[in-house]
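Below you'll find the structure, written out as structure tokens, and then a few comments.
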Amino acid sequence: MLVQQILKNKGDDRVVTIAPGTLVADAAQLLAERRIGGLVVSRDGEVVDGILSERDIVRSLAVRGANCLTETIDEMMTRNPVCCSKHDTSDAVLSRMTDGRFRHMPVVEDGKLAGIVTIGDVVSARLQELAMEKDALEGMIMGH
Ligand code: AMP
């Protein structure tokens with residue numbers, strides 16, 4: 001399945017973004033409010049400047065303590081994250097996520113943010129494909 005179809009299935013291609021310079025405490029609040037695990041960092045909602053995951057916050061809390069909450073996200077975020085295009089396949093995205101050990105991937109088109117896919121979205125697309133393949137094979141074997 002193509003990323004384009006995954007975004008369509010989600011029914012909502014809006015991405016929750018956060019501006020560089022935002023305080024870590026505000027980012028944590030946004031993650032909790034929106035019930036998500038990652039935020040695309042963007043100065044204008046279009047250019048991808050970085051990605052901030054709940055894991056980045058947890059890691060900083062463990063290493064530096066609660067003081068990190070009053071700092072900005074700029075040092076904590078991952079700059080130049082791996083992105084995909086709408087024309088990539090779910091398999092290719094899943095491999096890149098597994099190899100890189102991350103669960104979020106911004107979708108970029110013509111240099112602009114066009115969506116986000118999570119490992120959950122990709123795995124569910126893959127399961128859907130496998131169920132369809134199984135039905136087709138059963139149909140062929142049983143002759144319906
Ligand atoms: P995640 O598993 O996506 O919550 O993130 C785990 C770590 O990988 C965090 O340090 C993130 O900042 C980083 N990360 C998340 N998504 C990406 C990505 N697409 N490219 C590179 N790093 C990422």
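The values are calculated or read from the model by the stated rules, or taken from the named source; none is laboratory data. Note that the structure is a prediction, hence the values are computed from the model and not measured. FYI the Cβ positions are ideal-geometry reconstructions off the backbone, even for glycines, and counts take in every protein chain you see. Just so you know, the surface numbers come from the protein's heavy atoms only, side chains and all, with ligands and any DNA or RNA stripped out. Shrake-Rupley method; radii C 1.70, N 1.55, O 1.52, S 1.80 Å.
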For a quick check of your reading of the model, give me the residue pairs whose first member lies in segment 1-27 and is free of Cβ contacts under 8 Å to residues at least 40 places away in the same chain, whose second is assigned to a loop (DSSP other than H, G, I, E, B) and buried (at least 18 other Cβ atoms within 10 Å of the Cβ), with beta-carbon atoms closer than 8 Å and at least 6 apart or on different chains. 19/42
Test result for residue 44, surrounded by 15 or more Cβ atoms within 10 Å (Cβ to Cβ) and either at pLDDT below 95 or assigned to a loop (DSSP other than H, G, I, E, B) (or both): no
Flag if residue 39 is away from the ligand (no atom under 14 Å from the Cβ), on the phi < 0 side of the Ramachandran plot and not aromatic (Phe, Trp, Tyr): no
One residue is enough: does segment 1-8 have a residue meeting the conditions open to solvent by 30 Å² or more (accessible area, probe 1.4 Å), modelled with pLDDT of 95 or more and closer than 18 Å to residue 71 by Cα? no
Can you report the number of residues in segment 105-132 which are surrounded by fewer than 18 Cβ atoms within 10 Å (Cβ to Cβ), in a helix (DSSP H, G or I) and either near the ligand (Cβ under 8 Å from one of its atoms) or not aliphatic (A, V, I, L, M) (or both)? 6
Go through segment 63-104 and report how many residues are assigned to a loop (DSSP other than H, G, I, E, B), open to solvent by less than 60 Å² (accessible area, probe 1.4 Å) and of a type in the set (A, V, I, L, M). 3
